[in-house]
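The values are calculated or read from the model by the stated rules, or taken from the named source; none is laboratory data. Since the structure is predicted, the reported quantities are computational estimates derived from the model, not experimental observations. Note that each Cβ is placed from the backbone with ideal geometry, even for glycine, and that neighbours are counted across all protein chains shown. Just so you know, the surface numbers come from the protein's heavy atoms only, side chains and all, with ligands and any DNA or RNA stripped out. Shrake-Rupley method; radii C 1.70, N 1.55, O 1.52, S 1.80 Å.
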Amino acid sequence: MPAAGPHPTTPGGPRPPTLPQPPRPGAAGPIPDAPAEPTATIAIGGPAPAPERRRRFGRKGSPTELPGSAATTTDSAGGDRRRGPLAFFRTRRGTLLRWTALCLGLILIGWSVGYLVMPRSGGGDQIVIPKEAFEATATRGDMPSLVGLNRDAAVAAIGDAGVSGITIDYRDKPAAGPTGTVIAQTPAAGVAVTDGIELTLSVPAPMPALKGVPNRDARTTLEDLGAIVTVESVVDPAAPAGTVLRTDPAEGQPMPSSVTMVVADPGDALSLSTVSTVSSSSCSTSSSASVAGKTLSNNVTCTPGSSKKAEAEYAINRNATLLEATVGTDDTKGKGGATVTIYGDDRPLKTVNVGLGRSEDIRVDVRNMMRLRIVVTSGGGDDSPTVVLGDARLRGSTDGLDQIAGRR
């Protein structure tokens, strides 16, 4: 090292010589005359150096890995962690795809629930009772009694009985009473439900035409339609006994649960020969007479003259409904003909022409009549016959006939 030159003095004495200082860390050393040979350092047992990463910056300076480069990210501790296969779903596109998949899933679930709960279309009216929204297994139980219930109450009763997941078929049938009522069921009450259920519901049924139909047949027709039938008997001379006179409601009207049917009844009978007359001319009674070869009893007989009529009048005071008799001439008395006329309050009701060997059965409506009068006229000639009203009787109610007979 060259010798140090003179130094200026400092106050108080000469300045000490400057000693050489060691090099500072990081300071440049002397430049070697020749480059050093490259050396390679191998770390035994340590991690291999990471491959070189190439990155480009996208929007807002966010780094984007180039194709072919290893995808890594840096965690909060400063180390690298590799992205897994779900890293895409943390991007903006991945988030949109997640929401789209969620919406499609909800739509699919809603459609499935609707398919299970809502009635099927086609093949008739059906309904499925679900036990739970997503339960596919049907629950079996005993069938409850549903007749008389409406549709909603019947469905509720089926569910209360522990039956679910079962298809219910509905059928319509005209029937008496309110519409929509269960009138038949399959299976029957108390039977285990193994397959579907069929309920028959009522629809309006019009009243059928039953006038003149025998009582028994008419009643069967109404009861087959589910009606409760009440029968009232009325003495009607114009209708055969036991036939329907009218119904309530009338023909063609909607049929209620209860129906009233009025049936012709012959009523009680009172022999006319036992009734006192108000007035009489050439008429009497007989216990037996032969008319057209037939013996009749309880008779009223009248014998007119060639120019004089025979008659008998009775007070019935609106208590009788019908006069029945077999009219002819006595086989043993006279051979001529005669005319018989029945009057009610002086109004002619029935006229019959009779003669030897001829007779006629009559049924005369005398309802609402105060007086009943029988008039017989001869057909002419001197051989006037004796006219017989065989087995003549009045029909009506028991009370009414008792009043005519004077028993009340």
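Could you pull out the residue among GLY180, GLY196, GLY148 that is under 24 Å from THR221 (Cα atoms), open to solvent by 40 Å² or more (accessible area, probe 1.4 Å), of a type in the set (Gly, Ala, Ser) and free of Cβ contacts under 8 Å to residues at least 40 places away in the same chain?
Just a single option satisfies the conditions, and that option is GLY148.
Can you tell me how many residues within the range 151-173 are assigned to a strand (DSSP E or B) and either at pLDDT below 90 or over 10 Å from the mean Cα position of the chain (by Cα) (or both)?
Final tally of qualifying residues: 4.
Taking strands (runs of 3 or more DSSP E) that do not extend beyond the range 327-390, which have at least 2 residues that are open to solvent by 70 Å² or more (accessible area, probe 1.4 Å)? Spell out how you get there, then give the answer.
Working: elements: 338-344, 347-354, 359-365, 371-378.
Filter on the range 327-390 gives 347-354, 359-365.
Across the range 291-314, what is the total count of residues that are surrounded by fewer than 16 Cβ atoms within 10 Å (Cβ to Cβ) and not charged (D, E, K, R)?
6
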